[in-house]
Amino acid sequence: MSNKTVLFDKHVEYKGKIVDFAGWQMPVNYGSQMDEHHQVRKDAGMFDVSHMVIVDLSEGDIKAFLQYLLANNVAKLQDAGKALYSCMLNETGGVIDDLIVYYMSDAWYRVVINAGTRDKDLAWINKHASAYKVKVKERDDLAMIAVQGPNARTKAFEALPVDVVEAAVPLKRFFGADCGEWFVGRTGYTGEDGFEIMLPSSEAEALWDKLAVAGIKPCGLGARDTLRLEAGMNLYGSDMTEDTSPLISGLSWTVALDPSEREFIGRRALEAEKATGVKQKIVGLILEERGVLRGHQKVIAEDETGKVIGEGEITSGTFSPSLQKSIALARVPVAIGKICKVEIRGKLLQAAVVKPVFVRDGQAV
């Protein structure tokens with residue numbers, strides 16, 4: 001049986017179309033996915049992301065634990081509230097999950113992981129935490145609402161408690177603020193500015209209504225996916241998996257091999273992959289003919305001279321409401337040129353190869 005977030009009744013009240021997502025009953029839209037997409041790009045929208053898993057780490061040597069657990073370098077986190085995006089790898093360099101970790105103090109870090117990988121993530125984290133005497137606490141008492149868009153912060157201030165507003169106003173991007181029982185991160189998954197608000201589950205319905213009154217419209221999973229793809233943000237299970245390393249998933253920037261003495265899970269596999277030469281990379285595709293790019297479609301890669309050099313695969317694809325074109329992320333041979341072919345329904349259609357970010361802060365990139 002699928003799970004329901006504390007906001008499920010609100011989704012029904014606001015006429016959300018409910019679908020199963022990673023074992024959760026969630027709204028795919030509230031009428032028009034296209035309208036919701038444009039609402040976030042041009043104004044402000046909100047998403048129920050309470051299915052995400054919030055984990056607090058305390059006691060023991062948390063920093064050393066995370067330095068071993070994560071591919072990115074947690075030692076970069078010097079200021080209270082600073083967040084870091086990282087992958088958590090297995091021994092062969094595959095991605096167990098991608099996550100955000102907030103450094104609140106030497107005695108408290110907060111980690112947010114994906115809903116669909118909850119069980120394996122928690123098992124993996126707990127397995128390695130014991131050696132560092134770190135206490136792992138899942139915060140299933142909290143809900144989370146993402147408010148995104150160019151007007152998201154201004155409108156959210158109308159609905160948030162005064163003490164939360166005071167903590168949120170000076171927040172820089174990719175920082176979080178502890179507000180007692182509430183927590184606000186200036187983070188998101190849309191390529192727009194905004195907040196991810198964590199709060200007691202008992203207060204989530206009231207906040208949802210207040211945000212709606214402030215002009216922040218509810219948005220579903222459909223718009224969240226087109227927004228994140230336009231922003232070139234990876235989706236776990238599609239653009240990265242346990243069988244793909246961050247080096248071939250457009251996430252090499254999240255891997256910190258310096259300092260060389262830091263040992264982390266998967267490091268040796270990544271070093272071996274680099275030594276032999278990384279064979280693939282993630283690129284963006286824009287279809288130049290009529291059609292829709294979808295996951296798992298075959299890509300025929302050509303070099304700069306037009307010579308076929310191999311095949312790749314689309315990992316995520318959709319129609320971009322902002323660009324009014326079909327776009328995709330694809331894993332392809334590293335020597336691919338500026339043009340490729342995509343096999344769609346037995347036909348080879350031409351696509352432009354671009355950097356894997358299409359829209360950011362409301363502007364085409």
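None of the figures in this text is laboratory data; all of them are computed from the coordinates on show. Note that this is a predicted model, so its numbers are computed, not measured. Cβ placement follows ideal geometry from the backbone for every residue including glycine, while neighbour counts extend to all protein chains displayed.
Taking square-rooted eigenvalues a ≥ b ≥ c of the alpha carbon gyration tensor, is region 141-192 rounded, prolate or oblate, where a/c under 1.5 means rounded and, failing that, a/b exceeding b/c means prolate? Don't jump to the answer; show the numbers that get you there.
Values: a/c = 1.45, a/b = 1.25, b/c = 1.15.
Judged from the Cα gyration tensor, region 141-192 comes out rounded (a/c under 1.5).
When H296, H128, H37, H11 are sorted by how many other C-beta atoms sit within 10 angstrom of their C-beta, beginning with the fewest, the order is H296, H128, H11, H37.
Taking a sphere under 12 Å around the Cβ of V169 and counting the other residues whose Cβ falls inside, with K and R at +1 and D and E at -1, yields a net charge of +1. Put the Cα centre of region 188-211 next to the Cα centre of region 60-124 and the gap is 22 Å.
Going from the residue with the fewest nearby Cβ atoms within 10 Å to the one with the most, V184, V19 rank V19, V184. Charge dipole (Cα centre; +1 on Lys/Arg Cβ, -1 on Asp/Glu Cβ; no other charges) of region 279-364 amounts to roughly 140 debye.
Would you mind counting up the charge near G116? Only other residues with Cβ under 13 Å from its Cβ, with Lys and Arg at +1 and Asp and Glu at -1. With Lys, Arg at +1 and Asp, Glu at -1, the net is -4.
Considering only alpha-carbon pairs that sit under 8 angstrom and 6 or more positions apart, the relative contact order computed for the chain is 18 percent.
What is the local net charge at P333, summed over the other residues whose Cβ is closer than 10 Å to its Cβ (Lys, Arg +1; Asp, Glu -1)?
Numbers: positive: K279, K281, R331; negative: E302, D303, E311.
Summing Lys/Arg as +1 and Asp/Glu as -1 gives 0.
Across region 279-364, Cα pairs under 8 Å and at least six residues apart give a relative contact order of 37 percent.
Which residues in region 294-331 place their backbone N less than 18 Å from a point set 7 Å from the Cα of V365 along the Cα-to-Cβ direction? Backbone N within reach: 315-331.
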